[in-house]
Amino acid sequence: MGGPADPALAGRFLRGLAAAPRGAAFRAGPETLTYEQLHERALRWAGSLLAASDGAPAAVGVLAAKGATAYTGILAALYAGAAVVPLRPDFPQARTRAMLEAAPLSAVVADGPGAAALTGLLGPGGDVPVLVPDEGAVLGAGLRRVDVRDRHALDAPRPVQAADTAYMLFTSGSTGRPKGVPLTHGNTRHYFELLDRRYDFTPDDVLSQTFDLNFDCSLFDLFCAWGAGATAHWIPPQGYRDLPGHLADHGVTVWFSTPSAISLARRTGALTPGALPGLRWSFFAGEALKCQDAADWQRAAPSSTVENLYGPTEFTVTIAAHRWDPDVSPDLAVNGVVPIGAVHEGHEQLLLDADGRPAADEGELCIAGPQMTPGYLDPRDDEGRFLEHGGRTWYRTGDRVRRVGDPAEAHLAYLGRMDAQVQVQGWRVELAEIDHALAGVAGVTEAVTVDAATDDGTRLVVYYTGPEPVRAAAFAKQLGEVLPRGILPQRYVRLDELPLNANRKVDRKELRNRAATALAATPGTDGGNRGN
């Protein structure tokens, strides 16, 4: 297993095992396991999971925070030939229960908090076997505990086919129930083979793990590290207080996070020139990367190559990339946002206009190719997301893009979500354009515009950060160059920091809820600088 033609995602770990058997496969606080230790433990766990589930587990839920249990559980599931279903013990139970009902789990690996949550999730009498390495953890009545025995250990990972599911991830569900997205071994093989050609990771590298394990970008960190014999290093919350010191102390050479981490680093003084000298690569994904943020990070990490990555979960983590160049990238940017670059080789792109017809230069991005999921766990969710055109099946991303620069290079600029264009008093308003205009207001560090429904129609509210409150007149003057006066935002609210969701993206849903509540409490506002 693990040869060139082998599609198994677990083959990535076997490559790392061969390259650095005594190197650290991961570091999560005080917990560290070498490649040899993790391999042997995963073989025991995989065999025990097989023995407890009649030898054919379809999917293994990993209900654990980052640490030895989670990382071993992920690898053990893959070694058993099962799909990994990463879950978070601290998620609302109703949400996790919906995921458990959607995914055909045949076993669960849980840490202490995960085990405590299982009774409420599976209910008494649940017949799903549960592997809990913490002997002190208590399982609820009726739950079946898996005994890990040396005699059950596998000699080698079980073989899989390219069409078999490697991971089951769930979309954020911000507009409804989470949708399950299966990613096959064939999907991940194409993805990581491409990354191997693009990047030069080695056993000497230490890759950050900022993303939660149920977020698709965590696969990039983990399996890029494991494919090279490098170390995946968890960044704890306290690590952000002195990011330069933390990265230096732990030898981190590869950084990957949402762009929101740049704002946090700026607030803590971590973006001074040359503050991050040990980084070789810096990646950002999950939300729009602003040119100013990319430039500031590049100055702080002068030896690092900075890339903006883009992709929906349905296309296996990321599907496009743009390498930041201070002499080129700003000229390709739209609304001050770094381009998302070119779609991965082996894929095709199609742009659709507002009427669903092919467009030449701007429209909704649709993609076809080997990284595309075979479809949602619930086939009913496929409706409206997949398109048949020209004899091919395309995935509709819901993202508006524009072709920029040299046509031969096929660069794309991200314009925003299709549903980020709102209508206010008959005017079509692009929220990204407003955010870009707000960035030019003196005293504003970050700004996010959200729409809120009121009895008088849709209204706009701006949330911003900065050292001091900014007068509403300053905002109105700047926005007056882009918006008709009648639809200027109703409020400008200063926050110490913008709220982030579980994936460390700016939580626009939370801001939208705040805006709706504030406008409902004080109807008929006049655009004043309230709430500061």
Exercise. Given labels modelled 7 Å from the Cα in the Cβ direction, how far is it in nm from A163 to A521?
Worked result: 5.7
Seminar exercise, completed: Pseudo-spin-label distance V138 to A248, built 7 Å along Cα→Cβ, given in nm, is 4.7
For this session: Based on the mean of other Cβ atoms within 10 Å per residue, sort peptides 65-77, 187-199 so the most packed one is first.
Result: 65-77, 187-199
Seminar exercise, completed: Counting only backbone N atoms under 16 Å from a point 7 Å out along Cα-to-Cβ of A476, the residues of segment 429-462 in range are 460-462
Problem set entry | Relative frequency of Cα-Cα separations exceeding 43 Å in the chain, percent | 19
Exercise. Using r as the Cβ-Cβ distance of T445 and D327, and R0 as 25 Å, what FRET efficiency do you calculate, to the nearest 0.05?
Worked result: 0.45
For this session: Report the relative contact order of the chain, percent, no decimals, based on alpha-carbon pairs under 8 angstrom and at least 6 residues apart.
Result: 10
For this session: For segment 29-185, state what percent of all Cα-Cα pairs lands in each successive 5 Å bin, counting from 0 Å until the bin that includes the largest distance.
Result: 2, 10, 20, 24, 22, 14, 8, 2, 0, 0
For this session: Compute the whole-percent fraction of alpha carbon pairs in segment 63-137 spaced more than 21 Å apart.
Result: 17
Problem set entry | Mean projection area, nm², convex hull over Cα of segment 61-104 | 2.9
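May I ask you to derive the relative contact order of segment 425-521, considering only C-alpha pairs under 8 Å and at least 6 residues apart, and to give it as an integer percent? All intermediate terms of the calculation are to be shown ahead of the outcome.
Numbers: 132 pairs, mean separation 27.1, N = 97.
With pairs under 8 Å counted, the relative contact order is 28 percent.
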For this session: Determine, for each peptide in 273-286, 89-102, the mean count of other beta carbons within 10 angstrom over its residues, then list the peptides with the highest first.
Result: 273-286, 89-102
For this session: For D399, enumerate residues with amide H under 5 Å from its amide H, sequence gap 5+ or separate chain, H modeled in the peptide plane.
Result: L365, M418
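Within the chain, which whole H helices from DSSP have a Cα span along their axis of at least 18 Å and a mean Kyte-Doolittle hydropathy of -0.5 or more, if any?
Details: long enough: 35-52 (25 Å, -0.21); 185-198 (20 Å, -1.60); 508-521 (20 Å, -0.61).
Those that pass (Cα extent of 18 Å or more, hydropathy at least -0.5) are 35-52.
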Problem set entry | Efficiency of FRET from Cβ geometry, D155 and D378, R₀ 35 Å, rounded to 0.05 | 0.40
Seminar exercise, completed: Distance in nm between D200 and T119 label points, each 7 Å along Cα→Cβ, equals 5.6
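With Rg and the Kirkwood Rh both taken from Cα atoms, where does Rg over Rh land for segment 178-241? Don't skip to the end; give the middle numbers.
Details: Rg = 13.1 Å, Rh = 12.9 Å.
Over the Cα atoms of segment 178-241, Rg/Rh equals 1.02.
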Problem set entry | Value of [θ]222 nm, deg cm²/dmol, for the chain, DSSP H segments ≥ 4, -39500 (n - 2.57) each, nearest 500 | -8000 deg cm²/dmol
Exercise. What do you get for Rg/Rh of segment 425-521 when both radii come from the Cα atoms and Rh is the Kirkwood radius?
Worked result: 0.94
Seminar exercise, completed: log10 I(q)/I(0) for segment 218-308, Debye formula on C-alpha points only (no solvent), q = 0.10, 0.14 Å⁻¹, two decimals, reads -0.22, -0.45
Problem set entry | Length added when fully stretched, T305-E40, from 0.36 nm per residue minus Cα-Cα | 91.9 nm
For this session: Taking all pairs of distinct Cα atoms, average 1/r, flip it, and tell me the Kirkwood hydrodynamic radius of segment 10-55 in Å to one decimal place.
Result: 11.4
Problem set entry | Cα convex hull of segment 290-381, projected area averaged across orientations, nm² | 8.0
Problem set entry | Sequence ranges 247-259, 347-359, 319-331, ranked by mean other-Cβ count within 10 angstrom, highest first | 247-259, 319-331, 347-359
Exercise. If you find the alpha carbon centre of segment 293-369 and of segment 179-202, how far apart are they in angstrom?
Worked result: 18
Problem set entry | Space enclosed by the convex hull of the alpha-carbon atoms of segment 1-117, per residue, Å³ | 102
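No value in this document is a laboratory result; all are computed from the given coordinates. Just so you know, these numbers come straight off a predicted model, no measurement behind them. Cβ coordinates were reconstructed from backbone atoms using ideal geometry, including for glycine residues, and neighbour counts include every protein chain displayed.
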